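K.L.:
Pasting a structure here, questions to come.
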């Protein structure tokens, strides 16, 4: 019998400031209300909203009302919408996979007219290699997450 997956879409809003450094010169700090939309699938049969919302609130709470340039890894990586989307995709993926969720797509918008989308189905930068690696470790004691500083992703 084939597995049945359910797909859900969630949206979150973060009030964050950032600045971009160009030619070693920091730009002006400016605010955004960043919109993060994620599409996830699960084969879980229970009502998923509470679990995924609680996990996302925990993750996103670390960035609410912050200067992104002062948050890891953006204290050493330029916080462009592209870099932020890549980081948040992997961060969210690493956390929700432990709850039997698969992150298919993330759309990060810094304004209503500027978005960057990562779609794992298009094999964005070998995202599935990372996903399978995380899947194999999700229940093992060797699982490490970003908060422990054990990320092995290049930015």
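The values are calculated or read from the model by the stated rules, or taken from the named source; none is laboratory data. This is a predicted model, so every value here is computed, not measured. Positions of Cβ are generated from backbone atoms using ideal geometry, with glycine treated the same way; all protein chains shown enter the neighbour counts.
K.L.:
Can you name the condition, by its number, that residue 57 falls short on among (1) modelled with pLDDT under 85; (2) over 20 Å from residue 6 (Cβ atoms); (3) loosely packed, with under 14 Cβ neighbours inside 10 Å?
P.N.:
(1)
K.L.:
Say whether the condition of being part of a loop (DSSP other than H, G, I, E, B) and within 30 Å of residue 4 (Cα to Cα) is met by at least one residue in the range 88-104.
P.N.:
So the first thing to find is which residues in the range 88-104 are part of a loop (DSSP other than H, G, I, E, B), and the list is 100.
The next check asks that each one be within 30 Å of residue 4 (Cα to Cα); those that pass are 100.
Checked against the condition, which is being part of a loop (DSSP other than H, G, I, E, B) and within 30 Å of residue 4 (Cα to Cα), the range 88-104 yields at least one hit.
K.L.:
Going residue by residue through the range 15-25, is there one that turns out to be assigned to a strand (DSSP E or B), modelled with pLDDT of 90 or more, in contact with a helix residue (DSSP H, G or I) (Cβ under 8 Å, 6 or more places away or on another chain) and under 22 Å from residue 119 (Cβ atoms)?
P.N.:
No, the range 15-25 contains no residue that is assigned to a strand (DSSP E or B), modelled with pLDDT of 90 or more, in contact with a helix residue (DSSP H, G or I) (Cβ under 8 Å, 6 or more places away or on another chain) and under 22 Å from residue 119 (Cβ atoms).
K.L.:
Do you know which of the residues in the range 97-109 that are touching a strand residue (DSSP E or B) at 6+ places or on another chain (Cβ under 6 Å) and surrounded by fewer than 21 Cβ atoms within 10 Å (Cβ to Cβ) is modelled with the lowest pLDDT? Show your work before the answer.
P.N.:
Going through the range 97-109, the residues touching a strand residue (DSSP E or B) at 6+ places or on another chain (Cβ under 6 Å) turn out to be 100-109.
Pick out the ones that are also surrounded by fewer than 21 Cβ atoms within 10 Å (Cβ to Cβ) and you get 100, 102, 104-105, 107, 109.
Details: 100: 82, 102: 89, 104: 93, 105: 95, 107: 97, 109: 95.
The qualifying residue modelled with the lowest pLDDT is 100.
Residues checked against (1) over 17 Å from the mean Cα position of the chain (by Cα); (2) surrounded by 18 or more Cβ atoms within 10 Å (Cβ to Cβ); (3) closer than 24 Å to residue 121 by Cβ:
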| position | (1), (2), (3) |
| --- | --- |
| 6 | yes, no, yes |
| 14 | no, yes, no |
| 35 | no, no, yes |
| 70 | yes, no, no |
| 73 | no, no, no |
| 84 | no, yes, yes |
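K.L.:
Over 16 Å from the mean Cα position of the chain (by Cα), without any contact (Cβ under 8 Å) to a residue 12 or more places away in the chain and closer than 25 Å to residue 99 by Cα, is that true of residue 50?
P.N.:
Values: over 16 Å from the mean Cα position of the chain (by Cα): yes; without any contact (Cβ under 8 Å) to a residue 12 or more places away in the chain: yes; closer than 25 Å to residue 99 by Cα: yes.
So residue 50 fits the description; yes.
K.L.:
Determine whether residue 65 is out of contact with any strand residue (DSSP E or B) (no Cβ under 8 Å at 6 or more places or on another chain) and more than 20 Å from residue 118 (Cα to Cα).
P.N.:
Details: out of contact with any strand residue (DSSP E or B) (no Cβ under 8 Å at 6 or more places or on another chain): no; more than 20 Å from residue 118 (Cα to Cα): yes.
Judged against the criteria, residue 65 is not a match.
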